[in-house]
Structure formats: C-alpha cells, structure tokens
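Visitor: For reference, the structure I am asking about is given below.
The values are calculated or read from the model by the stated rules, or taken from the named source; none is laboratory data. All of these numbers come straight from a predicted model, not from anything done at the bench. Every residue, glycine as well, gets a Cβ built from its backbone with ideal geometry; the counts of neighbours run over all protein chains shown.
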C-alpha cells in the first residue's frame, strides 16, 4: 500500500472496516437472543417460528387488505384507463410493503438468526429431536425416512440422504457465519473461503426471508448442487414448517414445477430459473405462468453464474448508453395519445363483444373479441374475459377462420384498430 493509499485510509477509513462495524452490532444482539432460545423446549423453539411469522405479517396486514380491496375493484372496473390507474396504485402499494417488510425483517433478524443457529446446534448434538406432530410433519414422514411419527409425536433424525449420500448434521453457525448471513440479508455480496461454511451461512437469511411467505430462491450453477443443497439444508427449514423444493427435479411447465415455485424455499440452477422467467414473459394467459412474484434470492457461486457461465446475460444486462432524448420527447405525447385512443376503442369493442356473446351471436361476438385482443392482448379485462369458459376457444376458432388463405380476410378484424400487437 503506497503513502497516498495509507493517508486516504486514515482520513476516510477502509470500506471493509466500515462494513464490518455496521454488521458487528447485529452479531452481538444475535448472541444475546441465542442465550434466550437455548433453554427453550423443542416445541417452544418451533413456536418461535409461528410467532415470528405472525408478527411479520401483522406489520403489513393493513396494506395487504388495501391491495386486496383494490384488486377486487379493478376486476369489476370496465373502463381500461381507470383500471390501469388502479393497478398503478397497487404497484405503488406493493413497493411500500417491500420497504416496510425490510424494516420489519431487520427488527426480527436477531431472533430469527438465533432460532436457526439453535436449530443447527440441536441437530448436531442430538441423534433425534422429538416434537409434537403437526400435519406438515406427517406429510414429511410419508416421504422421508428421517422423520417418524409415533402417536402424537414427530421424531426428526439428524441423519438423512443428500446428493445420494447419507450425511449426519454436524454444523453450527459461528460468528463469521452470522456476519455472512447479515450481509446476505442486506443484499450484498459475501466472499467466503473454502471451509468457512458458506452453504450453512445461507440458512440464516433464507429462513428469515421465508417467514414472509413470499418465497425465497437459492440459485446455483449446476443441478447436482441445487438438488444436493435442497436435500442437505431442507430438514432444518422443514423442522420449522417451511416447505422446500428444487425446480431441477421437475419438468418445465409441469404441475410439479409450479408447486416447487409455491414452496417457501425453492432451489434451482440459474439456467432453469432464467428459462422459466423467459417463458413466463411470453405467456399469453396468467394460467400459463410458472413462477410467482419475485421476492428474495441468493446466488451461490455468483462469479460463475454472472460471469464465467453467462456471457449472453452479461450482454443483455449491460449498461445502456445515454442516447439523445430529443426525438423521444417529441414522439412521446403523440404515442401516448395514440395508445389512449386505442384503450378507449378496445374498451368499447370488448363491451360490445360481451353483449353479442351474451345474446348468443358468437360469430359477431367472436370477431369483436379477436379485434379487442389484437388491439391490447395484455389488457386485464380481456385476459379475465378469456379465462371464462368457452371464450378463449371461441376467439381461437374465429382467428383460424380469418387466417385461412394466408390471412387474406384478417383485415376485416384489424382495420378498425389504430395499431396491432401480434405476440406471435
């Protein structure tokens, strides 16, 4: 280090040292909380998870209720512009919830980390852990050999199959792992040397963020690691009633994969997460979606995922050059006027289509429905109407009719629109 660097370091401080100083208070509070949970019974320890969930969700209860009310209002709204305004409000409320959740999770971080640390200790120090059985425990016992049900008790063994091998749990979180867990929860990158237990580090922020019920993704470089880590770490989460799955165990776009995404904690490879995301962005109907709304993820081997094995995504996600915005500023009001005119037109067409179909005139109603779809295929009112029985079939039948002879008759469908959106 040269004289200049040393001088700057003394005056402004070292970034690593600053980051560590911001994390160290968390570690001390976690250790204090840990002293409290060590004396709890196994059932009392599990009850802590339920109480943490309740406290976290109670903090956003009012906002969630408001969003539910807005969604119900949007579904009944026929005017496209008003509906869009409602959905814009919902998006803002969602952002407010995420900001509030972060504050709430920071508040309960010490207790949650202490619970997970003590869970790891109990599995390390005991061959079996006995608790009062829940329905979730009974479901686990039907699938896994390391969970047994005896009367009203569930017995968790500390040895299970992971990656094709029988493993016995022998890890507990030390201070360095508590620090790593806090850093990962804060959304920062944490570099850990081999042997520092980076896999067990992830259990801390994963457990904390899974308590929201919004899902956690753990992304890694290959399917073996994804499956192994799900099986290796899974029992610690499942002991607390959190569901765990791995998308790489299931075929794309299958019921099983959809179920995997609904789990509290979902493991998988960057390729499978990425392709599912792309497929979802090309889906025509909400029913075709596989993933749910993204909440929190941890990327293992991040240098490999984002650099070594991801040259194309690097290009896609690279920074864009700041272009001259003059042309954009000139065209924007004209485009907005055109889009608003199309929204009003499509609203009228859809209303007329509903009336015709309701009166039994499927030929005219199908034509109007197809015209509305060609105008605004992502319109929520259209998507909702197409989800009703028979409407999507009618639209496809109408489309096939007008696409005959190289779509020579398609102009009859689209001529009245200001512009056409062809998702194919």
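Visitor: Could you count how many residues in the range 134-173 are within 29 Å of residue 34 (Cβ to Cβ), within 27 Å of the chain's Cα centre (by Cα) and part of a loop (DSSP other than H, G, I, E, B)?
Guide: Selection size over the range 134-173: 3.
Visitor: Taking residue 220 as the residue in question, decide whether it is out of contact with any strand residue (DSSP E or B) (no Cβ under 8 Å at 6 or more places or on another chain) and over 17 Å from residue 27 (Cα atoms).
Guide: Criteria not met by residue 220.
Visitor: So is residue 310 more than 31 Å from the chain's Cα centre (by Cα) and either modelled with pLDDT under 70 or within 30 Å of residue 246 (Cβ to Cβ) (or both) or not?
Guide: no
Visitor: I need every pair where a residue in the range 53-80 that is outside the structural domain of residue 110 (by TED's automatic domain parsing) and touching a residue at least 24 places away in the same chain (Cβ under 8 Å) has its Cβ under 8 Å from the Cβ of a residue that is exposed (fewer than 15 other Cβ atoms within 10 Å of the Cβ) and assigned to a helix (DSSP H, G or I), sequence separation at least 6 or different chains.
Guide: none
Visitor: For the structure I just gave you, tell me whether residue 343 is under 19 Å from residue 419 (Cβ atoms), part of a helix (DSSP H, G or I) and outside the structural domain of residue 285 (by TED's automatic domain parsing).
Guide: Spelling it out, residue 343 is indeed under 19 Å from residue 419 (Cβ atoms), part of a helix (DSSP H, G or I) and outside the structural domain of residue 285 (by TED's automatic domain parsing).
Visitor: Continuing with this model, one more query. Do we find that residue 151 is in the same structural domain as residue 187 (by TED's automatic domain parsing) and in contact (Cβ under 8 Å) with a residue 24 or more places away in the chain in this structure?
Guide: For residue 151, the condition - in the same structural domain as residue 187 (by TED's automatic domain parsing) and in contact (Cβ under 8 Å) with a residue 24 or more places away in the chain - is not met.
Visitor: Oh, and also: So residue 28 fits all but one of (1) closer than 16 Å to residue 110 by Cα; (2) modelled with pLDDT of 95 or more; what number is the exception?
Guide: For residue 28, the exception is condition (2).
Visitor: A follow-up question, please. Name the one entry in 63, 95, 77, 99 that is loosely packed, with under 14 Cβ neighbours inside 10 Å and either farther than 20 Å from residue 184 by Cα or in contact with a strand residue (DSSP E or B) (Cβ under 7 Å, 6 or more places away or on another chain) (or both).
Guide: So the residue among 63, 95, 77, 99 that is loosely packed, with under 14 Cβ neighbours inside 10 Å and either farther than 20 Å from residue 184 by Cα or in contact with a strand residue (DSSP E or B) (Cβ under 7 Å, 6 or more places away or on another chain) (or both) is 95.
Visitor: Go through the range 364-379 and give me each residue that's over 30 Å from the mean Cα position of the chain (by Cα), more than 11 Å from residue 342 (Cβ to Cβ) and either assigned by TED's automatic domain parsing to the domain that holds residue 86 or touching a residue at least 24 places away in the same chain (Cβ under 8 Å) (or both).
Guide: Within the range 364-379, 365, 366, 367, 369, 370, 371 qualify.
Visitor: Give the residue, chosen from 303, 287, 276, that is at pLDDT below 95, surrounded by 16 or more Cβ atoms within 10 Å (Cβ to Cβ) and outside any loop (DSSP other than H, G, I, E, B).
Guide: Exactly one residue qualifies, and that residue is 276.
Visitor: So which residues in the range 326-346 are surrounded by 18 or more Cβ atoms within 10 Å (Cβ to Cβ) and over 17 Å from residue 414 (Cβ atoms), if there are any at all?
Guide: none
Visitor: Looking only at the range 172-185, count every residue that is without any contact (Cβ under 8 Å) to a residue 60 or more places away in the chain and surrounded by fewer than 17 Cβ atoms within 10 Å (Cβ to Cβ) and tell me the total.
Guide: Going through the range 172-185 one residue at a time, the tally reaches 2.
Visitor: Go through the residues of the range 402-411 one by one and say whether even a single one is in a helix (DSSP H, G or I) and either touching a residue at least 60 places away in the same chain (Cβ under 8 Å) or crowded, with 18+ Cβ neighbours inside 10 Å (or both). Steps first, answer last, please.
Guide: From the range 402-411, those in a helix (DSSP H, G or I) are 402, 404-407, 411; that's our starting set.
With the extra rule that they be either touching a residue at least 60 places away in the same chain (Cβ under 8 Å) or crowded, with 18+ Cβ neighbours inside 10 Å (or both), the set shrinks to 402.
Checked against the condition, which is being in a helix (DSSP H, G or I) and either touching a residue at least 60 places away in the same chain (Cβ under 8 Å) or crowded, with 18+ Cβ neighbours inside 10 Å (or both), the range 402-411 yields at least one hit.
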